[in-house]
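A.B. asks: After the structure tokens below, expect a handful of questions from me.
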Amino acid sequence: MMSASYVIMPRMTSNHDLLARSLSAVWHPCTQMKRHETLPLVPIARGEGAWLYDFDGKRYLDTVSSWWVNLFGHCNPRINAALVDQLGQLEHVMLAGFTHEPVVQLSEKLRALAPAGLGHCFYGSDGASATEIALKMSAHYWRNSGQPEKTRFISLQNSYHGETLGALSVTDVALFRDAYGALIKQNATVPSPDWRAAEAGESAEAFALRCADALEAHLQQHHVRLAAFIVEPLIQGAAGMAMYHPIYLQRARELCSQYGVHLIADEIAVGMGRTGTMFACEQAGILPDFLLLSKGITGGYLPLSIVMTTAAIFQAFYADEAARGFLHSHSYTGNPLACRAALATLDIFEQDDVLNTNRDKAAFFNRIAQPLSEHPKVRNFRHTGMVWAFEVDTPHADFAQRCFSLGLQHELLLRPMGNTVYFMPPYILSEEEMQMLVTHTLAIIDALS
Ligand SMILES: Cc1ncc(COP(=O)(O)O)c(C=O)c1O
């Protein structure tokens, strides 16, 4: 029999009760808390597959994969089983001076999957910690290599790489940055190849090349002080699912090599199959100096981030002096449970031939989404891999909030950015669920445009 200390008493709760307690005790992220006086929080009791349920059984289709993390559904039986097994062996051990099977296996598997040459995995927790690690590692590499003046970074306009202070210094979203400007090192941005900004008649490829010219001009002038260029490959998520042609990444790789500046590929949102290939960089055929992973790496279960890098970077730190080593750590670095969830996630990719299956799913969705893409109030309907986005021509300045609220009434968890609606669903969406997503979104757009 279980001892009493292991028994968790189910707490009888209701939607109303949970909301009141949450507003009293929890400071919610990315939120003006006063807004919840009029816009209620959404209580979630449980999840199953692509669905989230409240305490009354009301359900919502998680079309944004819970902030872009969930790949194979909530409470996935295979990931659950792996975690239960791991719980019986080792929940955590510090990674400085110690090692364990899940972290070694995960590093080996990622090395085999990632663009060849990324042989070393450094572990963090959330996505922003991966950005911090890559920025520090890049600058420290140059210091160890006799170029300590290379301490600046560049990123794309409207880029998003996280919200800790270092990550904010390469994030170009005014709302997140402005209040903290005095605390942040000011880094420059270069034009985004987001094809929505192309001239009339200019192809996405031609526009990407024009933006690469601007990158070259910047590198030419500033490369002496520049450590790295950090970029979200193929899709700038927080910019409103801004998509661009892979030729930009090819040119960026050539130019960074030419001017002695690292290329950091932030695949925190776009890695793990999201763009149609395991890693977005594959579509440009490039090897970045750093590749950042988080979000979907654990299937959306636990915080884990990984900075993958090359032997050349690793070797610059390999020395007798402690100060030449990479001096960075988090208590939960390489947590065994998170690594085990990541291993179970990679197993599902292999067992279910996920990349090919997703290709068929995306083709099916594109077919049934035609009434959306051709809707008179829909602009720039676009798609890459398992991401879809479009702008809505709407008279409502508060479209995002209205769309979110109306979405809930239609059993959809939609989280537009401004007037950009996007779908970034778990990969397990069925044809029926996809059809429902299209039909209900059409009804919402008709109501708000
Ligand atoms: C491209 C990119 N980089 C970094 C981050 C930060 O990740 P986290 O929210 O886990 O800190 C995000 C989060 O949305 C992201 O989309």
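A.B. asks: To make sure I understand the rule: partners must be lysines, Cα under 30 Å from the Cα of residue 136, and not fewer than 8 residues away in the same chain. Which ones qualify?
C.D. replies: 109, 150, 185, 295
A.B. asks: Another one. Within 10 Å of each candidate Cβ there may be at most 10 other Cβ atoms; applying that plus a DSSP loop requirement, which chymotrypsin sites (Phe, Trp or Tyr not before Pro) in segment 97-140 survive?
C.D. replies: For chymotrypsin sites (Phe, Trp or Tyr not before Pro) across segment 97-140 that sit outside H, G, I, E and B with at most 10 neighbouring Cβ atoms in 10 Å, the list reads 98.
A.B. asks: Rounded, prolate or oblate: which one fits segment 391-449, using the alpha carbon gyration tensor with axes a ≥ b ≥ c (rounded when a/c is under 1.5, else prolate when a/b beats b/c, else oblate)?
C.D. replies: prolate
A.B. asks: Now, a different point. Principal axes first, then extents: for the Cα atoms of segment 279-334, list largest minus smallest coordinate on each axis, whole Å, largest first.
C.D. replies: If we take the Cα atoms of segment 279-334, the spans are 38, 32, 9 Å.
A.B. asks: How large is log10 of I(q)/I(0) for segment 1-157 at q = 0.09, 0.13 Å⁻¹ when the intensity is taken from the Debye formula with one equal scatterer per alpha-carbon?
C.D. replies: The computed values of log10 I(q)/I(0) come out as -0.56, -1.05.
A.B. asks: On full extension of the chain, what length is gained from residue 188 through residue 318, given 0.36 nm per residue of separation minus the C-alpha to C-alpha distance?
C.D. replies: Net length gain for the segment: 43.7 nm.
A.B. asks: Å³ per residue of the Cα convex hull, for the chain?
C.D. replies: 166
A.B. asks: When 142, 51, 388 are ordered from fewest to most other Cβ atoms inside 10 Å of their Cβ, what list results?
C.D. replies: Arranged by neighbour count, lowest to highest, 142, 51, 388 become 51, 142, 388.
A.B. asks: Now for a different question. Give, in whole angstrom and from largest to smallest, the semi-axes √(5λ) of the equivalent ellipsoid of segment 107-266, with λ running over the eigenvalues of the Cα gyration tensor.
C.D. replies: 23, 19, 18
A.B. asks: Can you tell me which lysines have their Cα less than 26 Å from the Cα of residue 377? Leave out same-chain residues fewer than eight positions away.
C.D. replies: 361
A.B. asks: Still on this structure, please answer the following. Using packing as a proxy for protection, rank 329-336, 55-62 so that the peptide with the highest average count of other Cβ atoms within 10 Å comes first.
C.D. replies: Averaged packing, sorted descending, gives the order 329-336, 55-62.
A.B. asks: Convex hull volume of the Cα atoms in segment 243-380, per residue, in Å³?
C.D. replies: Per-residue hull volume (Cα only) is 166 Å³.
A.B. asks: How far is it, in nm, from the label point at residue 75 to the one at residue 109 when both lie 7 Å from their Cα along the line to the Cβ?
C.D. replies: Once both label points are built, they end up 2.4 nm from each other.
A.B. asks: Can I ask one more? Regarding segment 8-64, what whole-number volume in Å³ per residue does the convex hull of its Cα atoms give?
C.D. replies: Measuring per residue, one finds 121 Å³ for the Cα hull of segment 8-64.
A.B. asks: OK, next. Count charges around residue 23 for me, please; just the other residues with Cβ under 13 Å from its Cβ, Lys/Arg as +1, Asp/Glu as -1.
C.D. replies: Cβ neighbours under 13 Å give a net charge of +1.
A.B. asks: Test of the criteria: in segment 322-389, which trypsin sites (Lys or Arg not before Pro) are in a DSSP loop and have at most 11 other Cβ atoms within 10 angstrom of their Cβ?
C.D. replies: none
A.B. asks: Please identify the GluC sites (Glu not before Pro) of segment 291-383 that satisfy two criteria: DSSP loop assignment and at most 12 other Cβ atoms within 10 Å. Which are they?
C.D. replies: 321, 374
A.B. asks: Then there's this: How are the C-alpha pair distances of segment 348-449 spread across 10 Å bins, as whole percents from the shortest bin up?
C.D. replies: Histogram of Cα-Cα distances, whole percents per bin: 15, 49, 27, 8, 1.
A.B. asks: For every helix of n ≥ 4 consecutive DSSP H residues, a contribution of -39,500 (n - 2.57) applies; sum these over the chain, divide by its total residues, and give [θ] at 222 nm rounded to the nearest 500 deg cm²/dmol.
C.D. replies: Taking each H run of at least 4 residues, the total per residue is -11500 deg cm²/dmol.
A.B. asks: Whole angstrom only: what separates the Cα centroid of segment 236-282 from the Cα centroid of segment 156-191?
C.D. replies: Using only Cα atoms, the two centres lie 18 Å from each other.
A.B. asks: While we're looking at this one, here's another question. Averaging sequence separations of C-alpha pairs under 8 Å and six or more residues apart, then dividing by the length of segment 179-293, give the relative contact order as a whole percent.
C.D. replies: Relative contact order for segment 179-293 comes out at 24 percent.
A.B. asks: Sticking with this structure for a sec: Around residue 273, under 15 Å between beta carbons, what's the net of Lys plus Arg minus Asp minus Glu among the other residues?
C.D. replies: -2
A.B. asks: Can I ask one more? Which stretch or stretches of segment 30-58 have amide N atoms under 15 Å from the point lying 7 Å from residue 21's Cα along the Cα→Cβ direction?
C.D. replies: Output list for this probe position: 43-46, 55-56.
A.B. asks: Net charge around residue 256, counting only other residues with Cβ within less than 15 Å of its Cβ (Lys, Arg = +1; Asp, Glu = -1)?
C.D. replies: 0
Bear in mind that the values in this text are calculations on the coordinates, not laboratory data. Everything numeric in this text was worked out from a predicted model, so none of it was measured. Cβ coordinates were reconstructed from backbone atoms using ideal geometry, including for glycine residues, and neighbour counts include every protein chain displayed.
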